Amino acid sequence: MFNQSHDGVQKTNDKRRLPSWREMNWDTTPEAEAVLFKLWREAPAWRKLEMMEGLNRTARQFALMGLRQRFPNASTQELRRR
C-alpha cells in the first residue's frame, strides 16, 4: 500500500505524498513532543486502553452530533443505526 521513495518520504500507491509527523503537528514544539512521547512510553497498558476508550467515545459523540445536524428530525435510534 505504501512505497518508500528515494528521499525516504512515504507515498501511497497513487503517488500522493503523505504528510510527515512534523507537518501534521506543526504547532507542537519538539520539547513538548518529547514529554508527550515519554509519558506515552511510561504509561501502563491499562491507562493506554483507557485513553483510547475516551478517544473512541469522543469520536462517536462528534459523529452523532454531525448526524443530528444532517438529519434533525431523525430519532436517536435512527441516528445510531447510521
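Values quoted throughout were computed directly from the atomic coordinates according to the rules given, and no laboratory measurement underlies them. Predicted model, so just to flag it, every value in this text is computed and none were measured. Every residue, glycine among them, receives a Cβ derived from its backbone with ideal geometry; neighbour counts consider all protein chains shown.
Based on alpha-carbon atoms, the Kirkwood radius and the radius of gyration of the stretch 11-82 give Rg/Rh equal to 1.14. With a simple spin-label model that places each label point 7 Å from the Cα along the Cα-to-Cβ direction, the separation between Glu23 and Thr76 comes to 4.3 nm.
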